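The values are calculated or read from the model by the stated rules, or taken from the named source; none is laboratory data. None of these values were measured; they are calculated from a predicted model. Counting neighbours? That spans all protein chains shown, and the Cβs are built from the backbone with ideal geometry, glycine included.
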Amino acid sequence: MLAAFFYETWHQGVRCTRRFFRVPANWISIIFFPLIQLFVFSQLFKDIIQLPGFKASGGGSYLAYLAPGQIGFTAFFAVAWSGTAILIEYRNGYMDKLRATPIYRVSILAGELAPLFLETAIMAGAILALSVVLGAPIKTGIGGVLVLLALSGLFGMAWAGTSFVPALLTKSEQATGTLSLLFFPIAFMSTAFVPQSLMPGWLQSVNAWNPITFLIEAIRPLMVSGYNWSAIGKAVIAIAVLGVILQSATLWAFRRLAA
Amino acid sequence: MSSAVIEVADLVKVYPGGTRAVDGISFRIEPGELFGFLGPNGAGKTTTIRILATLTSATSGHARLAGFDVGTHAADVRRRLGLAMQTPTLDTFATGRENIEFIGRMHRVPGAELKKRTDELLELMGLTEVAKKLAGAYSGGMKRRLDLACALVHGPQVLILDEPTEGLDPQSRTALWEELERISRQGTTMLLTTHYMEEADRLCNRIAIIDNGRIVVEGTPADLKAGIGADTVTLQLEAPGPEDLARQQTDVRRLLEGFVPLEGLTPESFGVSLAVRDAGRAIPDLLRRLDGNGVRVVGLSLGQPSLDDVFLKFTGRHIRTEAANEPISLGWY
């Protein structure tokens with residue numbers, strides 16, 4: 001039974017990955033948006049690094065501080081509209097075609113979600129490479145890169161629920177796109193641009209619960225200083241909790257739609 | 001255990017909101033048959049098919065496919081079923097070959113056999129040359145054929161096709177008909193729905209006319225048409241003015257008095273139209289009666305009853321007039 005589930009999820013995952021990477025626009029927007037952010041903000045806020053409290057967390061330049069934040073951002077954006085793909089196949093009848101084959105219905109959903117790990121990790125990797133080219137450090141070397149990509153990929157899979165739940169509940173691509181905007185402030189409130197110590201008190205409280213902040217705070221040391229296992233552990237827990245909550249909701253919404 | 005491949009008894013589907021899409025349908029399809037559901041949009045054809053394909057549950061009644069109950073043995077039903085829906089459903093970002101192979105894998109067709117089977121189907125459907133192109137770039141006819149290939153990849157015992165030629169140009173439609181006839185000759189049992197009379201007439205060895213969720217009549221196309229009775233003979237009359245036309249029409253009525261095969265006469269703007277039993281045989285005698293009596297026949301046409309006449313007889317409506325009233329479907333209900 002489990003073997004059948006993995007077989008189906010694997011092939012459905014390969015199909016979904018192919019479907020994603022064969023749309024050139026997916027590459028363009030996902031890579032260029034963080035790139036522009038990385039380039040523009042590293043120039044715009046160049047001198048912000050002079051503020052007291054920045055030196056400790058930054059690597060000496062604002063680019064070094066910003067780059068890990070942009071990787072977190074990329075993981076966020078990589079899956080911001082991920083729920084629309086399953087919706088398109090629901091609407092055009094392809095999901096019915098799959099439902100009429102002798103497979104577990106949950107394999108359809110699992111096959112959509114699993115490749116998001118790869119998609120997110122690849123995109124995070126692209127931004128990482130570009131940051132390094134622009135001069136950001138990567139202190140922990142190849143080992144740190146792997147941890148960074150794994151954390152980003154896991155975060156992408158978990159966070160995808162914020163797109164899948166509205167998609168499956170509203171059955172509307174437009175509604176899914178509009179609702180995803182609601183999550184954007186969560187990314188902008190994170191420590192991508194400014195360290196927590198420089199934020200107003202209430203924002204600091206919010207960030208104590210912000211999953212993107214947990215991700216960024218785990219990957220920043222990997223780039224600017226060294227392994228911070230406590231931060232990595234917190235990020236893994238945050239991603240796991242987030243994943244369980246969001247994916248349970250996704251599974252519920254999927255069963256409601258396709259059972 | 002019966003021999004029927006599809007067996008449906010008292011099937012009812014009531015959607016939330018109270019619509020009775022299927023209202024007590026029963027029928028049997030024997031092995032090797034090509035059975036057609038003929039009816040206007042919204043008649044309940046698609047809902048019946050969705051129940052048989054395990055995509056929707058019935059409110060009450062029974063449906064068995066290959067001996068398995070569609071409600072309780074869905075996986076057994078799915079393994080034996082090939083399904084092609086009203087619009088081709090393809091992964092548009094996968095190539096033709098990838099589309100077929102993916103569905104084959106979901107049906108657990110073993111690797112080597114899958115390759116061979118995919119090659120055969122691509123060849124059969126005339127898609128070998130475009131096998132490496134994305135399905136999204138295919139023409140309408142090619143998408144249909146690819147969809148059909150996907151439905152056939154696991155060698156299903158039963159093929160269910162919902163409006164298989166909807167939206168195709170006449171050439172593609174004829175080509176697909178030939179394809180379906182060939183598949184049927186190879187022994188696959190088929191159930192198709194259509195609202196094209198010609199399609200039901202040409203393809204199906206048995207049809208059920210379905211309207212408002214019920215089967216109104218069932219039989220072979222020939223029997224159903226024979227049940228209508230009279231053929232239609234239209235006579236075009238040459239007349240200089242309306243008075244002259246009226247006089248000729250009265251003359252025709254008088255001259256044909258006592259003509260046994262005649263069952264009805266209707267004056268028309270172009271002449272008259274007659275309901276005549278076994279018109280092929282009766283026409284020479286009919287024309288002899290009219291000849292040389294001031295009736296100037298300049299055109300004659302003979303119409304045999306169509307399935308539309310059958311539909312009209314049993315429902316009181318023409319099949320096509322309903323199409324525009326189809327409600328927009330927003331989801332799965």
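Looking at B:Thr92, B:Thr174, B:Thr72, B:Thr87, which is the one that is closer than 17 Å to A:Asn92 by Cα, β-branched (Val, Ile, Thr) and out of contact with any helix residue (DSSP H, G or I) (no Cβ under 8 Å at 6 or more places or on another chain)? Give the steps one after another, and end with the answer.
On the way: B:Thr92 fails: out of contact with any helix residue (DSSP H, G or I) (no Cβ under 8 Å at 6 or more places or on another chain); B:Thr174 fails: closer than 17 Å to A:Asn92 by Cα; B:Thr72 fails: closer than 17 Å to A:Asn92 by Cα.
Going through B:Thr92, B:Thr174, B:Thr72, B:Thr87 in turn, the sole match is B:Thr87.
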>> Just the residues that are surrounded by 17 or more Cβ atoms within 10 Å (Cβ to Cβ) and either polar (S, T, N, Q) or within 14 Å of chain B (Cβ to nearest Cβ) (or both), please, taken from the stretch A:208-252.
In response: A:Asn210, A:Thr213, A:Asn228, A:Gln247, A:Thr250
>> Can you find a residue that is modelled with pLDDT of 85 or more and among the aliphatic types (A, V, I, L, M) anywhere in the stretch B:310-333?
In response: no
> Identify, please: which residue in the stretch A:1-34 is assigned to a loop (DSSP other than H, G, I, E, B) and not basic (Lys, Arg) and is, among those, surrounded by the most Cβ atoms within 10 Å (Cβ to Cβ)?
Replying inline: A:Val23
>> So B:Leu122 passes all but one of these: (1) within 26 Å of B:Glu166 (Cβ to Cβ); (2) at the interface with chain A (Cβ under 10 Å from one of its Cβ atoms). Which condition number does it fail?
In response: (2)
> Does B:Ala43 fit the bill of being touching a Lys or Arg at 6+ places or on another chain (Cβ under 8 Å) and closer than 21 Å to B:Ala200 by Cβ?
Replying inline: no
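Please indicate, with yes or no, whether at least one residue in the stretch B:147-156 is among the charged types (D, E, K, R) and in contact (Cβ under 8 Å) with a residue 40 or more places away in the chain. Talk me through it step by step, then tell me what you get.
Going residue by residue through the stretch B:147-156, those that are among the charged types (D, E, K, R) are B:147.
Within this subset, residues satisfying the condition of being in contact (Cβ under 8 Å) with a residue 40 or more places away in the chain are B:147.
Checking the stretch B:147-156: at least one residue is among the charged types (D, E, K, R) and in contact (Cβ under 8 Å) with a residue 40 or more places away in the chain.
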>> Tell me yes or no: at least one residue of the stretch A:48-63 is among the charged types (D, E, K, R), away from chain B (no Cβ under 14 Å), surrounded by fewer than 15 Cβ atoms within 10 Å (Cβ to Cβ) and not in a helix (DSSP H, G or I).
In response: yes
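Looking at B:Thr234, is it surrounded by fewer than 17 Cβ atoms within 10 Å (Cβ to Cβ), of a type in the set (Val, Ile, Thr) and assigned to a strand (DSSP E or B)?
Values: surrounded by fewer than 17 Cβ atoms within 10 Å (Cβ to Cβ): yes; of a type in the set (Val, Ile, Thr): yes; assigned to a strand (DSSP E or B): yes.
The answer is yes for B:Thr234.
Is at least one residue of the stretch B:31-48 part of a helix (DSSP H, G or I), within 30 Å of B:Ile207 (Cα to Cα) and away from chain A (no Cβ under 14 Å)? Can you show your working first?
As a first pass, look at the stretch B:31-48 and keep what is part of a helix (DSSP H, G or I): B:45-48.
Subsequent filtering for residues that are within 30 Å of B:Ile207 (Cα to Cα) retains B:45-48.
Remaining after also requiring away from chain A (no Cβ under 14 Å): B:45, B:48.
Yes: one or more hits.
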>> Between a residue in the stretch B:93-112 that is at the interface with chain A (Cβ under 7 Å from one of its Cβ atoms) and under 12 Å from B:Gly136 (Cα atoms) and any residue that is of a type in the set (A, V, I, L, M) and part of a helix (DSSP H, G or I), which pairs come within a Cβ distance under 7 Å, given they are 6 or more apart or on different chains?
In response: B:Ala94/B:Ala135
>> Any residue at all in the stretch B:91-109 that's under 29 Å from B:Glu199 (Cβ atoms), assigned to a helix (DSSP H, G or I), touching a Phe, Trp or Tyr at 6+ places or on another chain (Cβ under 8 Å) and not β-branched (Val, Ile, Thr)?
In response: yes
